[in-house]
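Engineer: Take a look at the following structure, please.
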Amino acid sequence: MSRDSSSGYQAAREREDAQVSLVLTWLSLAAILCLLGIGSKAWHSGHSTHALILWFFILPIVVNMVWFAFSGNRDIQKAGLLVTVSVLFTYLIASGGEGNTGPLWFYVFPPLLFFLTSLKTGTMILLLVYLIALIVFQFPELPFVFAEYESDFKVRFFATLTFESIFCFVLEASRLKARNELLDLALTHEHAAKTDELTGLSNRRDMLNRLSGEFSRYQRSGHHFSIVLIDLDLFKTINDQFGHNTGDAVLMQFAELVQTVIRQTDIAARWGGEEFLLLLPDTSLLPALKLAERLRSEVAGNSFRFQGQDLPVTMSAGVCSIAQVNSIDSMLRQADLQLYSAKGAGRNRIAPRVRSQATATHSESNT
Ligand SMILES: Nc1nc2c(ncn2[C@@H]2O[C@H](COP(=O)(O)OP(=O)(O)OP(=O)(O)O)[C@@H](O)[C@H]2O)c(=O)[nH]1
């Protein structure tokens with residue numbers, strides 16, 4: 001079971017992405033408030049150009065929020081905020097902000113970056129940020145660079161930013177490791193709760209859920225489906241004659257065989273003991289009977305072997321389509337009745353019988 005293909009993993013990723021989007025929305029609102037507040041302070045201190053530039057940055061943040069509200073595109077939401085913040089911080093370091101305090105905002109960057117992007121992308125962007133800071137510090141005469149910083153400040157700025165970046169990297173790496181371990185554990189439990197340990201097929205609980213899901217689909221859209229209830233014939237004799245381990249091996253081999261016969265959209269479950277249940281979506285009675293008959297014939301013709309011994313295995317099955325009944329319970333009851341009648345009629349057969357089936361079984365028994 002791969003982590004990426006599991007529905008549980010997808011759901012967890014989806015929840016995490018939704019959480020990140022929510023945090024981003026709150027961060028955007030906080031950024032707007034900060035820009036309004038700091039801009040107003042700059043305005044009242046007579047730095048009107050600086051105030052106007054700060055207020056101007058509110059525009060892309062609002063556009064990004066509105067865009068996200070309409071499109072729901074989380075990648076664009078992330079990228080939009082990252083680009084805006086990057087340009088804003090570049091402006092702050094180049095202009096010095098008020099009293100050369102602009103570079104202090106850079107400390108917001110490392111945690112934000114690692115939270116929004118991966119460790120690798122975050123590190124790359126951080127290195128770019130370092131480069132921008134280095135250029136501004138080293139070449140104060142460049143156009144658009146209005147600030148000049150003390151040497152002491154530059155050294156301490158890089159030292160503290162590096163310390164913070166490493167700390168954020170390590171924290172985020174351990175958070176991701178713990179998250180992945182937790183997800184793996186949750187997936188293992190989820191898988192175990194739905195799977196029969198011996199055969200690897202769905203277990204009864206999972207099959208009941210799937211049956212009820214399929215029944216809802218039938219009620220909504222009228223898509224027919226069928227079930228096949230299978231019982232291995234005289235299984236007690238196999239256990240008694242060859243031992244319980246041999247019986248287990250037969251159950252496993254049977255499960256493998258079933259999976260080669262059914263379609264990918266069909267579900268096979270171990271219903272209990274030596275009983276199996278197949279759920280066949282979009283299948284009416286006749287095709288379901290054909291599939292059951294093909295499986296029966298494969299089982300009868302297949303040589304089940306364990307520890308060098310050939311084992312005589314056959315199966316009987318009862319088939320029922322949703323068109324014949326009006327609930328899952330009555331469907332299961334009906335399939336059980338049919339199985340009972342197949343057993344009563346001599347085993348190694350499918351019920352209900354249709355003419356073509358009867359002919360096929362008859363000619364097989366004559367060969
Ligand atoms: N080896 C093994 N045997 C199992 C398992 N679960 C159930 N059984 C055995 O399956 C046998 C079922 O026997 P019965 O219910 O008498 O039915 P049967 O012998 O198959 O006879 P019919 O159903 O009438 O054809 C019992 O002996 C159970 O012990 C299992 O997980 N492993």
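All of the numbers you see were taken from the coordinates with simple rules; none came from a lab. Given the structure is predicted, the values throughout are model-derived calculations rather than measurements. Don't worry about glycine lacking a Cβ; one is built from the backbone with ideal geometry, like all the others, and counts go over all protein chains shown.
Engineer: Would you calculate the separation in nanometres between label points at residue 237 and residue 139, each defined as 7 Å from the Cα along the Cα-to-beta-carbon direction?
Structural biologist: Inter-label distance under the simple model: 9.1 nm.
Engineer: If r is the Cβ-Cβ distance from residue 166 to residue 263 and R0 is 41 Å, what FRET efficiency results, to the nearest 0.05? Please report the intermediate quantities before stating the final value.
Structural biologist: Working: r = 53 Å, r/R0 = 1.30.
My answer for the efficiency is 0.15.
Engineer: Take 34, 168 and order them by how many other Cβ atoms sit within 10 Å, fewest up front.
Structural biologist: Values: 34 15, 168 21.
Least to most surrounded, the residues fall as 34, 168.
Engineer: At 15 angstrom or more along the helix axis (alpha-carbon based) and mean Kyte-Doolittle of 0.0 or higher, what helices does the chain contain? Whole DSSP H runs only.
Structural biologist: On the way: long enough: 7-44 (55 Å, 0.41); 58-71 (19 Å, 1.99); 74-95 (31 Å, 1.05); 119-138 (28 Å, 2.04); 151-194 (64 Å, 0.20); 204-221 (25 Å, -1.57); 244-261 (26 Å, 0.33); 285-301 (24 Å, 0.35); 328-344 (24 Å, -0.25); 355-366 (17 Å, -1.53).
Helix filter hits for the chain: 7-44, 58-71, 74-95, 119-138, 151-194, 244-261, 285-301.
Engineer: Just to verify a number: FRET efficiency for residue 10 and residue 302, C-beta to C-beta distance, R0 = 51 Å, to 0.05?
Structural biologist: Efficiency, from the Cβ-Cβ distance: 0.90.
Engineer: Length gain on complete extension for the stretch residue 49 to residue 244, per 0.36 nm per residue less the alpha carbon to alpha carbon distance? Spell out each step's value before the answer.
Structural biologist: On the way: separation 195, 0.36 × 195 = 70.20 nm, distance 8.61 nm.
Working it through step by step, the gained length comes to 61.6 nm.
Engineer: Further, regarding this structure: Hey, how many Å between the Cα centroid of the range 336-353 and the Cα centroid of the range 70-112?
Structural biologist: Measuring centre to centre over Cα atoms gives 72 Å.
Engineer: How high is the relative contact order of the chain? Use alpha-carbon pairs under 8 Å, at least six apart in sequence, and give a whole percent.
Structural biologist: On the way: 403 pairs, mean separation 42.8, N = 367.
Computed value for the chain: 12 percent relative contact order.
Engineer: For residue 347 and residue 22 in the same chain, what is the full-extension length gain: residue separation times 0.36 nm, less their Cα-Cα distance, in nm? Intermediate results must be reported in sequence, preceding the final value.
Structural biologist: On the way: separation 325, 0.36 × 325 = 117.00 nm, distance 6.08 nm.
Full extension of this stretch gives 110.9 nm more.
Engineer: Net charge near residue 239, counting Lys/Arg +1 and Asp/Glu -1 over other residues with Cβ under 12 Å of its Cβ? Mind dumping the intermediate values first?
Structural biologist: Working: positive: 236; negative: 240, 248, 274.
Charge balance near residue 239 sits at -2.
Engineer: Full extension from residue 221 to residue 152: what is 0.36 nm times the residue separation minus their Cα-Cα distance, to one decimal in nm? Don't skip to the answer; put the middle values down first.
Structural biologist: Details: separation 69, 0.36 × 69 = 24.84 nm, distance 7.25 nm.
Result: 17.6 nm gained on full extension.
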